[in-house]
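The values are calculated or read from the model by the stated rules, or taken from the named source; none is laboratory data. No experiment lies behind these values; they were computed from the predicted model shown. Positions of Cβ are generated from backbone atoms using ideal geometry, with glycine treated the same way; all protein chains shown enter the neighbour counts.
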Amino acid sequence: MCGMTVLVVIGCIVVMGLAPQPLRAATLYVSKLGDNSDGSSWAKAFTTIQAALSAVPNDKGGHRIVVRPDTYFEANLFPSAKGAQGAYNELVGDVDGSLGSGQSGWVIIDSGDPGQQGFKSYDWWGTIRAYTKGWSAAHTEETFASNGWDRWNLRHLYATGGDGGIFFDLTDKTEPFTVVVEDCASFGRAFGGGVASCLSRPEEPITFRHCWLWALDFWGDTAGAYTRVENKTMPEQPDVVFEDCAMVGPQCALKGSNFGFHTFTHVKCTRCRLVALNFSQPVGTPTDGVIQSVQEGKLLRVDLEDCTVMGYKVFGVMVEKATAKDIAYTTKGDCRAYVQFQQEVPKGFYRLGGWPADVFAGINPPERRRPEPYVSKELVRREMCEVGPFIWKGRLCLMECVRPAEGGDLEEFYVRFIDVATGKELGRCAEGYSLGSILVDGDTAHVYVSRWEGGTWQDVTEFRSRDLRKWTKPRVVIKGENEGVFNTSVCRGRGEYIMTYESNDPQWPAFTIKLARSKDLETWTKIPEATFGTDRYTACPCIRYVNGWYYVLYLEHRGPRWWFETYITRSRDLVHWELSAANPVIAPEGLDESINASDPDLVEWEGKTYLYYCAGDQLTWANVKRAVYPGTLRRYLESWYKTPGVPDWGAVGVQAERKAKGKS
């Protein structure tokens, strides 16, 4: 640098002749709808939490990571920098959409098996990265401590799937450590939450506030909340504070110490619900206590205020059982115990004689669901996947695509037309074809179907009729090129007709949506530059044109798990697409929808919008359902882009964002 002297000082950068500029704390965004570039906005959001944690720029503190509600299959998370005193870093789930994600619900961090084999109950595997080399013969990697989370605040997260939930182990870095965990649900095989191998700061205690902490195992050193702070003597001030928490486990709710450790831990619990699920008889295998010390009673102190304890008995020690009397405790306010009828209740607790239903009801985290626009959902057809609703001569009708689940003879493939009100069949056509869509243009029904041949689907073929009984001969309008051609959809657009069709073009990683146009429904021309979804699974398109926008509902495979949701995107030019921040349009829920909400199709009827979709497992069964929106089709489609707090991610929105940054 020539002709300029630069002086760098802590907390700011000073350039000679310019006023000092403080280092700005970063706000980073995480969303599976982002472009995974730099995380600087929702549009540019990282698609994984770890990517954002790795991008924290420095250890000056005050940095914030905001995560859109979704399910993130990630394990062993660690940040690149600690927070600072008075300036904690934050990892926050936007559970109510108030931070601009356009979505509400839990931010679920699923740390299960990466190969999607399910729950991974394996030591040192969980939400928070920690690892000790030599723990077993299989643990050969280098030791790693959780101390990078020092002075972080975690809020509105749902952690599950692994050995530990939101649990911090400093392994070989026994040093002062503070973390604040708030409004989180945390489930682990061994631990729901807690800390180990650390020192505390009396003025900044480790804090879990308004959390639901569950352990899922009864074997070994397991607990809803586990604490082990390496004090040589018992401190006067609490090391770890639990406020308004539920601590639940089959073996115990709260535990201190561990096998071979002789260090002291001081815990404070305020307005907590501590539940050990083992209510065995004395002659069975009862738990040692709802609150336990592993090695010796004297190593644990617990201060309880307005707490309720439920389980076989209140206090216990796993190893030197006779030392249970040495667990130090205090009670304040309303402390109650519901225990096995033959067990004593320690002094300071009020013995409950009746089951505390309100306490037990509070051990589960609340359901955080995004509001849906539908007033009802109902089953329409069993053992069917694709249908197309349409209006025919003033009646709501349904085109049903009949086909076997797999294989089959040509006569088993066809489409039929049903009057929804009466259930009467109005006609059928297209033997040997299926995966159809229908466009009613004037007095003519245009049916677009794919031909079943050679074990796959070929070409888009049109049939026409003015009475749904007599049909024209099949006419190929879109020919596949080294690809299978599957579901289609057609709409009247801006001075022309637009078709979307699903392709498995081998140059793209999965199913892809392609488009074509026609001026007269006679000649169709492909639009190569309009291909959508070349970077991921996009299937089953349904296209509509409203007020200058082309809207496409389509199927997203929400990998890596076997899970399918319907999304919405829109475009003015069929080239540049804008996903709605409020996606998904519909997701599988309940016992009758399994893992799939696919094959969407829309129709407006008598002032309401009907969304038909397929529920099933994408393998062996499928049923058609219908969701009802209490408004017009235009209102329904535009509503996905008018959610309060949602930024405009389209080309216009990006340009406005750039202009705003330039002005600032």
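So the values come out like this:
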item	result
Conditions (1) at pLDDT below 95; (2) within 21 Å of residue 257 (Cα to Cα); number of the one not met by residue 113	(2)
Subset tally (residues that are assigned to a loop (DSSP other than H, G, I, E, B), among the hydrophobic types (A, V, I, L, M, F, W, C) and closer than 24 Å to residue 586 by Cβ) for the stretch 485-544	2
Among (1) touching a residue at least 24 places away in the same chain (Cβ under 8 Å); (2) farther than 14 Å from residue 252 by Cβ - the single one residue 327 does not satisfy	(2)
Close pairs from the stretch 436-450: first more than 15 Å from residue 488 (Cβ to Cβ), partner surrounded by fewer than 24 Cβ atoms within 10 Å (Cβ to Cβ) and of a type outside the set (Phe, Trp, Tyr), Cβ under 6 Å, at least 6 apart	443/466; 444/464; 444/466
When residues of the stretch 191-221 are limited to those that are modelled with pLDDT under 95 and not charged (D, E, K, R), the one farthest from residue 162 (Cα to Cα)	202
Hey, residue 164 closer than 24 Å to residue 72 by Cα and at pLDDT below 95 or not	yes
Matching option when the condition is closer than 30 Å to residue 626 by Cα and touching a residue at least 24 places away in the same chain (Cβ under 8 Å), among 356, 371, 346, 366	371
Strands (runs of 3 or more DSSP E) lying entirely in the stretch 388-478 (those with 2 or more residues that are over 30 Å from residue 525 (Cβ atoms))	395-402, 414-419, 425-429
Complete set of residues in the stretch 288-303 that are touching a Ser or Thr at 6+ places or on another chain (Cβ under 6 Å) and closer than 21 Å to residue 338 by Cα	293, 303
The stretch 90-139: number of residues that are touching a Lys or Arg at 6+ places or on another chain (Cβ under 6 Å) and of a type in the set (S, T, N, Q)	5
Of all residues in the stretch 141-189 being closer than 22 Å to residue 116 by Cβ, small (Gly, Ala, Ser) and in contact with an Asp or Glu (Cβ under 8 Å, 6 or more places away or on another chain), the one that is surrounded by the fewest Cβ atoms within 10 Å (Cβ to Cβ)	161
